[in-house]
Amino acid sequence: MKVLSVVGARPQLVKLAPIAAAFAGTEHEHVIVHTGQHYDADLSDVFFSGLGIPAPDVHLGIGSGSHGAQTGGVLAAMDPVLEAARPDWVLVYGDTNSTLAGALAAVKMHLPVAHLEAGLRSFNRRMPEEHNRILTDHAADLLLAPTSEAVRHLAGEGLADRTVLVGDVMVDVCLRIRDAVRGGGGEAPALPDGIDPAAPYLLATLHRPDNTDDPERLAALLDALAALPVPVALLAHPRLVARAEQHGITLSRGNVHAGRPLPYAGLVAAVLGAVGVVTDSGGLQKEAFLLERTCTTIRPETEWVETLTGDWNRLVPDPHLLSPADWARCATRPAPKNERGLPYGDGKAALRVAETLEQHLR
Ligand code: UD1
C-alpha cells in the first residue's frame, strides 16, 4: 500500500509524527508532501527534527497568502505530484487550507482520499476551518474520526458508511512526549524573557483571525491577559506578531511576556510547568486536557467538547464580560479532581489508521 500524506501547517506536523512512525518499518510506502503553508523554522522544521519525522519527499513551497491564493496554489501544485506518485490513499489532516486543497486535488484525479480528524464541527461558519472540514469530509472516501462525537456529526450528515472511529492521533504523540519530558529528556523550554519557570505562570496562545485581526479586540484581549494575577507566557504565533505589528500593538504588557512558539517537547514541558492554559487553539485545549492542566478558551465554542466536562476547559468568548476578579479566578482555577476517562482514545490511534487504510483499500 502506498499512502501519500499532505501536510502544511504546524498542527498537521504534530499529527504526522505518529502516522509516519506507524508506517516506518512496515512494507507500506509513505510519501510526505509538505505544502509550505507554514515555512518559518519555528512552525515547521523544528517539528520534523524534534518529533523524528522523515524529511518531506516533496515540498510545494506555497507560503502565505489569501485563502484563495493559498488553497488554489496547493491545488494546482498537487496535480503533477499525484500524477507521479499515484498513491493508494491520499491522507489529509485536520482543517487547514492545505487539508481542503489536498482533498480536492485527489478527488479530481479519482484518487481515494482519507480524512484524519474527520467529523469535528464548531458550527461557527465564520471560521475558515469549519468550511475546510465540512468540504473535506464530504469529498473524502474514508473518514477517520477521533471521537464518538465526531462520528455522530458525520452520521448526521449522511456520512456514516464512510466513517471509522480510530481515536485521536494527538494522544499518541502527546503522551509519548510527556513521558520523555518527565523522564528528563530534552532541554528546558525557552520560555519568554520575564517568565520564571520555577514560579507559577500561565501559558497562553492567540492566533484565530477572530481574535487577532481586529485591532480593538486584540488590544482588549492582551489587556485582559496583562491584568491576570500571575505572569503569562504568551507564545506568539507569526500571525499574531504580524497583526500586532501592522496595528502598532505591543504584545508584552503588564503580566504578559511574549516569546516565540516552542517546539513540541518544549510546549509539552511548558504546559506541564504551567498552572493553566489560556488559548484559542484547538490542539492546545486538548493538550492541556491530556496533560491535566485547566484550560480557558477565548472562543464562543469548541470542536473539542469533551474537554469541557468536569470544568477542565471553560469557554470565555470575551474576558471583559466577566468582572476582573472572576476572570482572574477563572484563568487560575486549580485542576479538577474528577475522572476524565479516555474520550480521545488510548494512544494507539495511528496504528489503527494504518490498519483501517489497509482494510479499506479499493
Ligand atoms: C493556520 C490554519 C489554522 C491553524 C493554524 C495553526 C488555515 C485557514 N488556518 O492558521 O487552522 O490553527 O494554521 O498554526 O489553514 N506566517 C508566518 N510564517 C509562517 C506561517 C505564517 O509568518 O510560517 C504568518 C503570515 O503573516 C501569514 C499568517 O501568519 O499570513 C497566517 O498564516 P496562515 O497559514 O494563513 O494561517 P494561520 O493563522 O497560521
### Task
Would you mention how many residues in region 2-56 are in contact with a helix residue (DSSP H, G or I) (Cβ under 9 Å, 6 or more places away or on another chain), closer than 27 Å to residue 280 by Cα and among the acidic types (Asp, Glu)?
2
### Task
Check whether at least one residue in region 207-215 is surrounded by 22 or more Cβ atoms within 10 Å (Cβ to Cβ) and either part of a loop (DSSP other than H, G, I, E, B) or in contact with a Gly (Cβ under 7 Å, 6 or more places away or on another chain) (or both), and report yes or no.
no
### Query
Across region 58-73, what is the number of residues that are assigned to a strand (DSSP E or B) and of a type in the set (Val, Ile, Thr)?
1
### Query
Within region 281-334, which residues are touching a Ser or Thr at 6+ places or on another chain (Cβ under 7 Å), among the basic types (Lys, Arg) and part of a loop (DSSP other than H, G, I, E, B)?
333
### Query
Name the pairs whose Cβ atoms lie under 7 Å apart, with the first residue in region 220-238 and over 19 Å from residue 316 (Cα atoms) and open to solvent by 10 Å² or more (accessible area, probe 1.4 Å), the second within 16 Å of the ligand (Cβ to nearest atom) and among the acidic types (Asp, Glu), and 6 or more positions between them or separate chains?
238/40
### Task
Report whether or not residue 234 is in contact with a Ser or Thr (Cβ under 8 Å, 6 or more places away or on another chain), within 16 Å of the ligand (Cβ to nearest atom) and in a strand (DSSP E or B).
yes
### Checking residue 178 against (1) within 26 Å of residue 317 (Cβ to Cβ); (2) charged (D, E, K, R); (3) in contact (Cβ under 8 Å) with a residue 24 or more places away in the chain, the condition it does not meet
(1)
### Query
Between residues in region 46-72 that are modelled with pLDDT of 95 or more and residues that are assigned to a helix (DSSP H, G or I) and of a type in the set (D, E, K, R), which pairs lie under 8 Å by C-beta distance while being six or more apart or on different chains?
47/10
### Query
Hey, any hits in region 126-144 for a residue that's open to solvent by less than 30 Å² (accessible area, probe 1.4 Å), more than 18 Å from residue 16 (Cα to Cα) and outside any helix (DSSP H, G or I)?
yes
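Residues that are within 24 Å of the chain's Cα centre (by Cα), assigned to a helix (DSSP H, G or I) and farther than 14 Å from residue 50 by Cβ: does region 179-202 have at least one? First the steps, then the outcome.
So in region 179-202, the residues within 24 Å of the chain's Cα centre (by Cα) come out as 179-182, 185-192, 201-202.
If we keep only those that are assigned to a helix (DSSP H, G or I) too, we end up with 179-182.
Narrowing the set further to residues that are farther than 14 Å from residue 50 by Cβ leaves 179, 182.
Within region 179-202, one or more residues are within 24 Å of the chain's Cα centre (by Cα), assigned to a helix (DSSP H, G or I) and farther than 14 Å from residue 50 by Cβ.
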### Task
Would you mention how many residues in region 109-123 are open to solvent by 20 Å² or more (accessible area, probe 1.4 Å) and touching a helix residue (DSSP H, G or I) at 6+ places or on another chain (Cβ under 6 Å)?
1
### Query
How about region 191-206: which of its residues are surrounded by fewer than 21 Cβ atoms within 10 Å (Cβ to Cβ), out of contact with any His (no Cβ under 6 Å at 6 or more places or on another chain) and in contact (Cβ under 8 Å) with a residue 40 or more places away in the chain?
193, 197, 200
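Taking the residues in region 46-67 that are exposed (fewer than 13 other Cβ atoms within 10 Å of the Cβ) and within 11 Å of the ligand (Cβ to nearest atom) as candidates, determine which candidate is farthest from residue 21 (Cα to Cα). It would help to see each step written out before you state the result.
First, the residues of region 46-67 that are exposed (fewer than 13 other Cβ atoms within 10 Å of the Cβ): 49, 52, 55, 61, 66-67.
Now drop any that are not within 11 Å of the ligand (Cβ to nearest atom), which leaves 66-67.
Details: 66: 33, 67: 31 Å.
Among residues in region 46-67 that are exposed (fewer than 13 other Cβ atoms within 10 Å of the Cβ) and within 11 Å of the ligand (Cβ to nearest atom), the one farthest from residue 21 (Cα to Cα) is 66.
The values are calculated or read from the model by the stated rules, or taken from the named source; none is laboratory data. As the structure is a prediction and not an experimental result, all values here were calculated from the model. We place every Cβ from the backbone using ideal geometry, glycine too, and count neighbours over all the protein chains shown. Surface accessibility is based on the protein's heavy atoms, side chains included, excluding ligands, DNA and RNA. Shrake-Rupley method; radii C 1.70, N 1.55, O 1.52, S 1.80 Å.
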